[in-house]
Amino acid sequence: MEEEKKEKSKPSCNIKIFVLCHSLLQLTQLLHSAYFKSCITTIERRFGFNSMSMGTVSSLHEMGNMLLVVFVSYFGSRVNRPRFIGFGGLLMSCAAATLALPHFLSKPYQYHFMSAAGGSWDTCVPRENSSAPEVCRQGGGEDPSEVRTQWLTMAAAQVLFGIGSVPIQPFGISYIDDFAEPGNSALYIDSPLDLTPSDPRWVGAWWMGLLVSSGCLALASIPYFFFPRVKVPAQAKAPKTESDPLKDETSSETSLIDFLKMFPRLLLRMLLRPVFLLLILSQCCFSSSIAGLATFLSKFLEHQYGTTATYGSLLIGAINLPMAAVGLLLGGVVMKRVRPPVRTLLWLCLVPLSLSILLCVPLFFMGCSTQRVAGVNTGYGHTQDQWANRSLSLCNSNCSCLNNVFNPVCGEDNTEYISPCHAGCTNVTIDTLNPHRVQTYTMCSCVTALSAVPAGAADMGIGRALPGSCTKSCPHLVLPAILLIAFAGFIASLSHNPIYMMVLRTVFQEEKSFAIGVQFLLIRMLAWLPAPAVFGLAIDYSCVWWKHACGNKQGACGYYDNNILRNRYFGLQVGYKCLGLVLLALAGWRVQHTPCLSSEKEPEVPV
């Protein structure tokens, strides 16, 4: 009797340990993905990538995941699942380390260009002392071939990460189901001493967090190699009926070649069901909106409200993610307690999603215009119309300013300039406590003097400038905006479980596992893979001044039109949600005309 009790308690103990290990691995995986998305702006700034390129890199792990989803469906109960999860975790660890590799393979970050005359503060130097070819050589910038190599390295790392993540969720959930009893920001920085986090050229130690997540993923993967393999007990074969079309075709005796041959036919048969297809397409629309929000929200907060990367990530992690998690949990509790019919499920989806769209409307007005930038969206001094959208003016025409320099300064006239040279500044005041940091730029011929200046300077309109961008006019709106975004996400997440249950109720009992696989495949293919690149392209088209290197666009945007950026960023999200609502309404209309689905009698629902 005692031995039998030990045998019964052993699986219970093992499954609890497995659930703990699996939770830690998935948490580490989630933290890695969230951290990488928070570093997108920093990586763009460091290597000169545009938003579309980084959006593509961010979503490429979905491609690696899709490549092997068919094999996961086939090998589900044929392999040692814990060991495969462990191998997948180690593969994700290697991918996270590879993602940081461009930092070590590229040359040191050059945030600061030497002027033609040998100065080190980008100040105005008389043009006759330099030649154009020399200026171009000294301006430098990232080599295009090196930039391409760095992008390809990150892209390959993301695909590898997606391949490693393939067995994590399906194998973990199935292992728990078979084992259990029935019924049951970077801490350090590597930027130079004269930069601060508020500086638009600031690049933190983005690579360090990736190395930390790589180590955590490796540690979380090791325990899986010590769990036993659980074999599903053989069951008596039931006679094939018309209601179980997949049972014989996906049996354990089916070879891999036969499974691959029949997969397109099974997929097509599933997609030819109108309600199922409409529900999946609506989920793709909602997932596209979430993908764009998750990938570029940190960047949006930085450019729209002037937050630092660290503060923006803190707001997202402390407010947005918990609110969405609570919404998912609450929606699951309601589904388990109420168990509503399909007709009620439809309204449980339409009402919160419609409300979340209405909550997004005020966000279109909660922002501020781009600051005044001389030569970008405004002119120099009093010649507004004549010198708008030009980098040089009469006030700095005698300066040998590099076209590829980006060292913003804020004049005392509240106008921002691309560099001290473009502001016409000739002198600098160094911080006595830090000789590497500029305190003030003085004798700036393009800056209108508003304070006391040396005798005779006021007549020429010569003023001062401070290093860094001018302060945004609406930083106080960041908290209301993030709270509204979080509340809209909370309301929308209430519909996640109802939609999921609607999908399950539109297929046969024997097809549910396959339907879930098709669901995740299509959502990855149609939403999570293309959506970040689409949002990145919309953000790129909001740029009004690109960084240049020797006359060529370098890739990273220096200034966005904040009004266009805000309207396109939220407009694309609302557009995806509205299209999803239309598809969901069409699915509901189809349900009303399907007797077996429109019945108010509660069907059997897996919990």
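Which residues, taken from the range 421-451, are in a loop (DSSP other than H, G, I, E, B), open to solvent by less than 50 Å² (accessible area, probe 1.4 Å) and either over 22 Å from residue 400 (Cβ atoms) or among the hydroxyl-bearing types (Ser, Thr, Tyr) (or both)? Working first, answer last.
Restricting attention to the range 421-451, the residues satisfying the condition of being in a loop (DSSP other than H, G, I, E, B) are 421-424, 431-437, 445-451.
With open to solvent by less than 50 Å² (accessible area, probe 1.4 Å) added as a condition, the list becomes 421-424, 431, 434, 445-449, 451.
Across the range 421-451, the qualifying residues are 431, 434, 445, 448, 449, 451.
All conditions but one from (1) modelled with pLDDT of 80 or more; (2) touching a helix residue (DSSP H, G or I) at 6+ places or on another chain (Cβ under 6 Å); (3) of a type in the set (D, E, K, R) apply to residue 249; the one that does not is (1). Return the residues of the range 35-74 that are among the polar types (S, T, N, Q), open to solvent by 20 Å² or more (accessible area, probe 1.4 Å) and either modelled with pLDDT of 85 or more or not in a helix (DSSP H, G or I) (or both); say none if nothing qualifies. Selection gives 50, 53, 56.
Note on the range 483-513: among residues that are of a type in the set (S, T, N, Q) and open to solvent by 20 Å² or more (accessible area, probe 1.4 Å), the one that is farthest from the chain's Cα centre (by Cα) is 509. The one condition from (1) open to solvent by 50 Å² or more (accessible area, probe 1.4 Å); (2) part of a helix (DSSP H, G or I); (3) under 30 Å from residue 473 (Cβ atoms) that residue 532 does not meet is (1). Filtering 324, 318, 309 for residues that are among the small types (Gly, Ala, Ser) and open to solvent by 50 Å² or more (accessible area, probe 1.4 Å) leaves a single hit, 318. Scanning the range 392-404 for residues that are buried (at least 23 other Cβ atoms within 10 Å of the Cβ) and in a loop (DSSP other than H, G, I, E, B) gives 395, 396, 401, 402. Filtering 516, 564 for residues that are of a type in the set (Val, Ile, Thr), at pLDDT 90 or above and open to solvent by 30 Å² or more (accessible area, probe 1.4 Å) leaves a single hit, 564.
For the range 331-351, residues that are surrounded by fewer than 16 Cβ atoms within 10 Å (Cβ to Cβ) and either within 30 Å of the chain's Cα centre (by Cα) or hydrophobic (A, V, I, L, M, F, W, C) (or both) total 5.
The selection criterion, being buried (at least 21 other Cβ atoms within 10 Å of the Cβ), assigned to a helix (DSSP H, G or I) and not small (Gly, Ala, Ser), does not hold for residue 480.
The values are calculated or read from the model by the stated rules, or taken from the named source; none is laboratory data. As the structure is a prediction and not an experimental result, all values here were calculated from the model. Every residue, glycine as well, gets a Cβ built from its backbone with ideal geometry; the counts of neighbours run over all protein chains shown. Just so you know, the surface numbers come from the protein's heavy atoms only, side chains and all, with ligands and any DNA or RNA stripped out. Shrake-Rupley method; radii C 1.70, N 1.55, O 1.52, S 1.80 Å.
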